[in-house]
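**Student:** Next up is a structure, given as C-alpha cells.
The values are calculated or read from the model by the stated rules, or taken from the named source; none is laboratory data. Small disclaimer: the values here were computed from a predicted structure and weren't measured. All Cβ positions, glycine included, derive from the backbone under ideal geometry; neighbour counts span all protein chains shown.
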Amino acid sequence: MNVVAFNRSIRQFFFPSLTPKFLIRALLVALCAYLFFGHICIPLHIKGYSMEPTYRNGSVNFLWKLGYLFSKPKRHDVVAVRFAGKRVMLLKRVVAVEGERIEFRKGRLLVDGKEIDEPYVRYPCDWNLPPRQVEKDSVYVVGDNRSMPIEEHHFGQTSTKRILGVPLW
Amino acid sequence: MVKIRFLIMAVIAAGIVVLAIFYLFPSEEMKVKKQFHLLSDWVSKDPGENVFTTARKTQRIGSLFAEKLELKTEIDSMSGSYSPEEISSLATRGRLMFSSLSLKFYDFDISFPENGIAKVILTATLKGRSTTGEYVHETHEPECILRKIERRWLFSNVEIGEVLKK
C-alpha cells in the first residue's frame with residue numbers, strides 16, 4: 001500500500017463518506033450499543049460509602065443484568081436493588097435469603113442462630129438488631145460499611161423482583 | 001450524495017417539527033411531569049440564595065397541591081392531611097434548615113386509572129447540606145396521585161414506599 005492510499009484510508013476512517021452502507025452500519029452499531037449498555041450491561045457510577053471498602057465512592061462499574069437469569073441471589077452476593085426504575089439503585093450485599101432468621105449481636109451477623117463469617121466487613125461495628133424472618137421471595141441486604149450507627153444505614157429486606165443484577169466486578 | 005444529504009436534512013426537519021408539536025401541544029403525561037419539575041425547581045435551593053428567590057419559591061410550592069394533600073410515610077408524625085398553606089409553611093421552615101438543597105425525580109411511571117386522575121410512581125432523591133454542615137442524601141420511591149382541577153394537575157396523595165424493610 002503506498003502512502004497516498006494509506007492516507008486515503010485513514011481519512012476515510014475518521015471522515016467517512018455519507019454512503020448508505022456507512023449510515024446503515026452506524027445505525028446498527030448505535031442500536032447494538034443502546035441494547036447492550038442500556039439493557040444488559042448498564043454503566044454504574046457508585047455514589048456513597050455504604051459498600052466501602054469493597055466499592056469505593058466515585059468508582060465506576062457495570063451492572064450485569066443477566067446475572068440471575070438462571071439462578072437466585074444467594075448469601076454474600078452483591079446486588080443492585082432498584083427503586084422505581086434503573087436510574088437510581090442501591091448496591092448492597094445479600095446476607096440472608098427467604099425463610100432465614102437474621103439478627104445482629106454486637107456487630108456479628110447471625111443467620112438462624114449461627115454466626116456468619118464476613119471477611120468483606122473491614123470496619124468495626126457494634127450493631128444490635130433483634131431476630132427477624134426474611135419473607136418469601138425476598139432477600140435481606142446490608143452494606144459492607146457498618147461503621148456508622150445502625151439507624152443511619154440503609155438496609156433491610158426487599159423483594160427479589162427489585163434485584164436488577166450484579167456488578168460486573 | 002445529494003440524495004443522502006437531502007434525506008438527512010429531511011430527517012432533521014421532521015425531528016424539529018415533531019419537537020415543536022410536542023412543545024406546543026404537550027400530552028397529559030408531559031403536563032404531569034412538568035408539575036414534578038416545578039416542584040423540584042421550587043424545593044431546590046442554591047447556596048447563597050437571596051430572600052426574594054426564597055419567598056417566590058416557597059409561595060409557589062403551595063400552588064402545586066390540591067385543597068388537601070394526604071401524606072403517608074413510615075414516620076407517623078409526618079403522615080396526615082395538609083393544606084397548600086401548611087405545605088408552603090413547612091417548605092419554608094424546611095428550606096431554612098439547609099444551606100443547599102436539591103430535589104430530583106427519575107424513572108417516571110405515569111398511568112391514568114380514571115379520567116382526571118394520574119398515578120405516578122417514581123424515584124425521588126433529596127440531597128443537601130444543613131446549616132450545621134451535615135450532609136443529607138435520601139432516596140425514596142413515592143407513589144403520587146395527582147388530580148386535574150381547573151385544567152391543572154395538582155398533588156392530592158403522596159405515599160412514600162418502603163424499598164428496604166428493616
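**Student:** Would you point out the residue of the range A:12-30, among those that are surrounded by 11 or more Cβ atoms within 10 Å (Cβ to Cβ) and of a type outside the set (Ser, Thr, Tyr), that is nearest to the other protein chains (Cβ to nearest Cβ)?
**Tutor:** Kept after step one, since they are surrounded by 11 or more Cβ atoms within 10 Å (Cβ to Cβ), are these residues of the range A:12-30: A:12, A:16, A:18-19, A:22-23, A:25-26.
Narrowing the set further to residues that are of a type outside the set (Ser, Thr, Tyr) leaves A:12, A:16, A:18, A:22-23, A:25-26.
Values: A:Gln12: 15, A:Pro16: 12, A:Leu18: 5, A:Phe22: 9, A:Leu23: 7, A:Arg25: 14, A:Ala26: 12 Å.
In this case the residue turns out to be A:Leu18.
**Student:** May I pose another question? Output the residues belonging to the range B:127-161 that are acidic (Asp, Glu), within 15 Å of the chain's Cα centre (by Cα) and either surrounded by fewer than 18 Cβ atoms within 10 Å (Cβ to Cβ) or farther than 29 Å from A:Lys47 by Cβ (or both).
**Tutor:** B:Glu143, B:Glu159 - these are the residues of the range B:127-161 that are acidic (Asp, Glu), within 15 Å of the chain's Cα centre (by Cα) and either surrounded by fewer than 18 Cβ atoms within 10 Å (Cβ to Cβ) or farther than 29 Å from A:Lys47 by Cβ (or both).
**Student:** May I ask you to verify whether B:Ile149 is more than 11 Å from chain A (Cβ to nearest Cβ), touching a residue at least 60 places away in the same chain (Cβ under 8 Å) and not hydroxyl-bearing (Ser, Thr, Tyr)?
**Tutor:** It is true that B:Ile149 is more than 11 Å from chain A (Cβ to nearest Cβ), touching a residue at least 60 places away in the same chain (Cβ under 8 Å) and not hydroxyl-bearing (Ser, Thr, Tyr).
**Student:** A further question on this structure: Would you mind finding the one in B:Leu96, B:Leu71 that is among the aliphatic types (A, V, I, L, M) and farther than 12 Å from B:Ser156 by Cα?
**Tutor:** B:Leu96
**Student:** Same structure again: Looking at A:Ile163, A:Ile150 in this structure, which one is under 16 Å from B:Leu164 (Cβ atoms), surrounded by fewer than 20 Cβ atoms within 10 Å (Cβ to Cβ) and within 14 Å of chain B (Cβ to nearest Cβ)?
**Tutor:** Of A:Ile163, A:Ile150, the one residue that is under 16 Å from B:Leu164 (Cβ atoms), surrounded by fewer than 20 Cβ atoms within 10 Å (Cβ to Cβ) and within 14 Å of chain B (Cβ to nearest Cβ) is A:Ile150.
**Student:** Looking only at the range A:6-35, count every residue that is touching a helix residue (DSSP H, G or I) at 6+ places or on another chain (Cβ under 6 Å) and farther than 19 Å from B:Ile4 by Cβ and tell me the total.
**Tutor:** 0
**Student:** Counting residues that are more than 10 Å from chain B (Cβ to nearest Cβ), more than 26 Å from A:Ile46 (Cβ to Cβ) and of a type outside the set (Ser, Thr, Tyr), which strands (runs of 3 or more DSSP E) fully inside the range A:81-141 reach at least 2?
**Tutor:** A:101-105, A:108-111, A:129-133
**Student:** Just one of (1) assigned to a helix (DSSP H, G or I); (2) touching a residue at least 60 places away in the same chain (Cβ under 8 Å); (3) basic (Lys, Arg) trips up B:Lys57, so point out which.
**Tutor:** All conditions pass for B:Lys57, except number (2).
**Student:** Restricted to the range B:49-63, and to residues that are more than 17 Å from the chain's Cα centre (by Cα) and of a type in the set (S, T, N, Q), which residue is farthest from B:Leu154 (Cα to Cα)?
**Tutor:** If we take residues in the range B:49-63 being more than 17 Å from the chain's Cα centre (by Cα) and of a type in the set (S, T, N, Q), then B:Asn50 is farthest from B:Leu154 (Cα to Cα).
**Student:** Taking the range B:113-126 only, how many residues are more than 14 Å from chain A (Cβ to nearest Cβ) and surrounded by 14 or more Cβ atoms within 10 Å (Cβ to Cβ)?
**Tutor:** Selection size over the range B:113-126: 2.
**Student:** So, B:Ser102, is that one touching a residue at least 24 places away in the same chain (Cβ under 8 Å), within 14 Å of another protein chain (Cβ to nearest Cβ) and in contact with a Gly (Cβ under 8 Å, 6 or more places away or on another chain) or not?
**Tutor:** Spelling it out, B:Ser102 is indeed touching a residue at least 24 places away in the same chain (Cβ under 8 Å), within 14 Å of another protein chain (Cβ to nearest Cβ) and in contact with a Gly (Cβ under 8 Å, 6 or more places away or on another chain).
**Student:** If you don't mind, there's one more thing I want to ask. Being more than 14 Å from chain B (Cβ to nearest Cβ), surrounded by 11 or more Cβ atoms within 10 Å (Cβ to Cβ) and in contact (Cβ under 8 Å) with a residue 12 or more places away in the chain is the requirement here; does A:Tyr55 meet it?
**Tutor:** In short, yes.
**Student:** Checking B:Lys34 against (1) within 14 Å of chain A (Cβ to nearest Cβ); (2) charged (D, E, K, R); (3) assigned to a helix (DSSP H, G or I), which single condition isn't satisfied?
**Tutor:** B:Lys34 satisfies all of (1) within 14 Å of chain A (Cβ to nearest Cβ); (2) charged (D, E, K, R); (3) assigned to a helix (DSSP H, G or I) except (1).
**Student:** Suppose we filter the range B:126-151 for residues that are under 20 Å from B:Val43 (Cβ atoms) and assigned to a strand (DSSP E or B); how many remain? Before you say what the answer is, go through the steps one by one.
**Tutor:** Of the range B:126-151, the ones under 20 Å from B:Val43 (Cβ atoms) are B:126-132, B:134-146.
From what's left, assigned to a strand (DSSP E or B): B:126-130, B:135-146.
Residues meeting the conditions: 17.
**Student:** Quick one: in the range B:2-34, of everything that is modelled with pLDDT of 85 or more and charged (D, E, K, R), which residue is surrounded by the most Cβ atoms within 10 Å (Cβ to Cβ)?
**Tutor:** The residue in question is B:Lys33.
**Student:** Another question about this same structure. Just a yes or no: is a residue in the range B:102-125 in contact with a Ser or Thr (Cβ under 8 Å, 6 or more places away or on another chain) and assigned to a loop (DSSP other than H, G, I, E, B)?
**Tutor:** Checking the range B:102-125: not a single residue is in contact with a Ser or Thr (Cβ under 8 Å, 6 or more places away or on another chain) and assigned to a loop (DSSP other than H, G, I, E, B).
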